[in-house]
Amino acid sequence: MSDATGVIHDIGYQRYTGPRLGRRQVFGALYLHGVRTVFGLGRSAKAKIFPWLVVSVVTVVAAGVTAVRSQIGEVVMTYAQFADAMSWLVIFFAAVAAPELVSRDLRSGVLPLYFSRPLPRGDYALSKLLALVTALWLLLGGPQLVMFLGAAFTTNRGVRGVWDELLDLLPGLLYAGLWAVVFASIALLVASLTGKRAFAAGGIVAVFLMTTPVVGVLSILPSATVNELAFLASPPTLVGGVGTWALGDALTQGQGGGMPIGDFGPVYAAVAVLLVAGCVSLLLLRYRKVAAR
Amino acid sequence: MTLLATESLTKTYGGRVTALADLTVSVEPGIIGLVGANGAGKSTLIKILLGLLPPTSGRVQVLGLDPTTDPAAVRARVGYMPEHDALPPDLSAAELVTHLGRISGLPRTVARERASEALRHVGLHEERHRAVGGYSTGMKQRVKLAQALVHDPDLLLLDEPTNGLDPAGRDAMLALIHRIGTEFGISVVVCSHLLGEVERICDTLVAIDGGRLLRADRVSAMTTATDVLAVEVSEGTEELAARLAALDLPVTRDGRLLLVPLADDATYDQILGAVAELDLPLHRLDQRRHRVAELFAAREPSHV
């Protein structure tokens, strides 16, 4: 080449003939973007403060529990109980993360840019939901992993001890998954209704806060059946009820038998499934409407 | 190849509000101006073309595809620039356009490359790494155009691209759209309520009003047929008008001007001959292109 002096040529517009990815990869890209958004990755320093504050709190608690256990040799909290103990932190985390995921997009009007692309409108909502579920599950599951590692390295029963510990961990992780699914679907549905992040966060906390007194009232009514079904009325106690039924000891150990749900365990499970299914359907309906606007 | 085609396309909202009524139009690739007043049905038409709204009845084709049955295939080949604000303020233009490129199915590295290319083509350089919230209206419009361009579409749908721009910004945006339509080889549909603006850059105009088609034709076809000669003489306008009328030229008065439809080159000679015979001081004689706006106005015997 004779031209070595570094002249920049305008090569004009280039057509693109390379590969175009399919629906799965696009869904994956949007999902990963969502998970990163929740933890403030790729965003301003301000957006990172709250998520990482919560992450550090749950990690410190988990480390503390592990330390106490290794010192006095007593299980302060089972893995599943850890999720219960952190429930309020999870609620606040979801109340900040869900508006971050969907309300911001509603507010800025960026949705037409998404929906004018090949992405089916349901995929947008589902990828955001999956991102929030993942984030909440990581928030609860990560510290459990810390507890597990602590216990596994300090066990004095060798491989057998590690194996037992693992069998304890798995229900804990499943239970964390239940928390994540229930909380994420409620929080995302509420957040998708408004473009104002403060309103959305308030709304999410309100759903969890306002339903708690209902449980209180129902559980002191003079009817054993109503009392045993009372915990259906609020999402956190609903999840607790399902856990009490499904996990038994792993959750209720040292708590005097856990929640008095009687024989209604399957009802709790069914209601939880219906609640999640209802929230997801409403979320999809909501985005059908938004997309056509 | 037909770029867009609709057949008796009708859209009513809730059975009462009619946005589009029996719209049948077919346009070839190029730069197409879609003009009409606010509420004429332009945005509804665009949403149907994108497959975001189902039509109430009638058929529609975009690039030979049917957006009602295969919206994803249509949207993969179409870029859309919405009318309203559509940019999250805390992202940089480069991040946003890259992200949207990936949503269009570009692989990660390709999306990044094409995003900076698209932003360069619309004239955003170093500032593309700053947060969009601090951009001027003109820069935001350019980002919206760049995101429509990032996945190399075959058709761009631009909804009021000059909205909110100052005159210089309008000219720059129109020049850019013209360049995309001619040099990039991408067909463009420009929606606007300002006819004078789009007629400068379009080769086809589609005018709709109240959801009905007023007229759709190539701009050249609209203007050539109706060119007129404007004659101005310093004095004796009446005599000249009488003389031209005697020559069987359908002359009309427009203030101090006489307007004569240009049939062929002989019309020039006839007029010059008449002026010379009457020995009048000819002030000017020039060909006046009808502005397209007049073609859409109600056709009544104007300015007598």
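Some points to look at:
- Prolate/oblate/rounded label for region B:228-288 (Cα gyration tensor, a/c 1.5): rounded
- Filter on A:LYS46/B:LYS42; A:LYS196/B:LYS144; A:LYS128/B:LYS42; A:LYS46/A:LYS289; A:LYS128/B:LYS11 - keep pairs with C-alpha separation over 30 Å: A:LYS46/B:LYS42; A:LYS128/B:LYS42; A:LYS46/A:LYS289; A:LYS128/B:LYS11
- The protein assembly as shown - share of DSSP beta bridges that are antiparallel (%, nearest 5): 65
- When the Gaussian network model of chain B links Cα atoms closer than 10 Å, the mean-square fluctuations of B:LEU278, B:LEU214, B:LEU156 top out at B:LEU278.
- Summarising the strand pairing of chain B, around 65 percent of its internal DSSP beta bridges are antiparallel.
- Principal-axis tilt of helix B:93-103 within chain B, Cα atoms, nearest 10 degrees: 80
- Entry note, chain B: relative contact order of 19 percent, from Cα contacts under 8 Å with a spacing of 6+ residues.
- Value of [θ]222 nm, deg cm²/dmol, for the protein assembly as shown, DSSP H segments ≥ 4, -39500 (n - 2.57) each, nearest 500: -17000 deg cm²/dmol
- Each Lys and Arg adds +1 at its Cβ and each Asp and Glu adds -1 at its Cβ; summed about the Cα centre, chain B shows a dipole of about 1560 debye.
- Rounded to the nearest angstrom and listed largest first, the equivalent-ellipsoid semi-axes of region A:23-292 from its Cα gyration tensor are 33, 24, 16.
- Neighbour cut-off at most 16 other Cβ (10 Å), DSSP loop, trypsin sites (Lys or Arg not before Pro), region B:200-275: B:ARG200, B:ARG256
- Reachable aspartates and glutamates, given that their alpha-carbon falls under 16 Å from the alpha-carbon of B:LYS140 and they are not under 8 places away in the same chain: B:GLU83, B:ASP85, B:ASP90, B:GLU95, B:GLU126, B:GLU127, B:ASP159, B:GLU160, B:ASP166, B:ASP171
- Distance cut-off 35 Å, percentage of C-alpha pairs in the protein assembly as shown lying past it: 55
- Segment A:PHE50..A:THR17, full-extension length gain: 7.6 nm, with 0.36 nm per residue of separation and the alpha-carbon distance subtracted.
- With the convex hull constructed from alpha-carbon coordinates only, region A:94-170 shows a mean projected area of 7.1 nm² over all directions.
- Here r is the Cβ-Cβ distance between A:ARG36 and A:ALA292 and R0 is 30 Å; the resulting FRET efficiency, rounded to 0.05, is 0.55.
- With loop membership from DSSP and a limit of 16 other Cβ atoms within 10 Å, the longest segment of chain B without GluC sites (Glu not before Pro) is B:1-182.
- Note on B:GLU126 and B:ASP279: the extension gain reaches 48.6 nm, defined as 0.36 nm multiplied by sequence separation minus the Cα-Cα distance.
- Dipole magnitude of the protein assembly as shown about its Cα centre (Cβ charges: Lys, Arg +1; Asp, Glu -1), debye to nearest 20: 2220
- Chain A: relative contact order as a whole-number percent, Cα under 8 Å and 6+ apart: 22
- For the pair B:ARG108 and B:ALA230 in one chain, pulling the backbone fully straight at 0.36 nm per residue adds 38.0 nm over the alpha carbon distance.
- Computed from the C-beta positions of A:LEU282 and B:GLN287 and an R0 of 45 Å, the FRET efficiency is 0.10 to the nearest 0.05.
- Of the trypsin sites (Lys or Arg not before Pro) found in region B:1-81, those in coil by DSSP whose Cβ has at most 14 other Cβ atoms within 10 Å are B:ARG16.
- Scanning residues 5 or more positions from B:VAL228 or on other chains, those with amide H under 5 Å from its amide H are B:LEU262, B:ARG288, B:HIS290, with H placed 1.01 Å from N in the peptide plane.
- Screening chain A for DSSP H helices whose Cα atoms reach 30 Å or more along their own axis and whose mean Kyte hydropathy is at least 1.0 gives A:45-72, A:121-154, A:158-191, A:197-218, A:265-292.
- Paramagnetic label reach from B:THR24 (point 7 Å along Cα→Cβ; backbone nitrogen cut-off under 13 Å): within region B:195-222, residues B:213.
- Counting only alpha carbon atoms, the long axis of helix B:237-246 and the longest principal axis of chain B meet at about 90°.
Any read-out appearing in this document is the output of simple, stated calculations on the displayed coordinates, not a laboratory observation. Everything numeric in this text was worked out from a predicted model, so none of it was measured. Cβ coordinates were reconstructed from backbone atoms using ideal geometry, including for glycine residues, and neighbour counts include every protein chain displayed.
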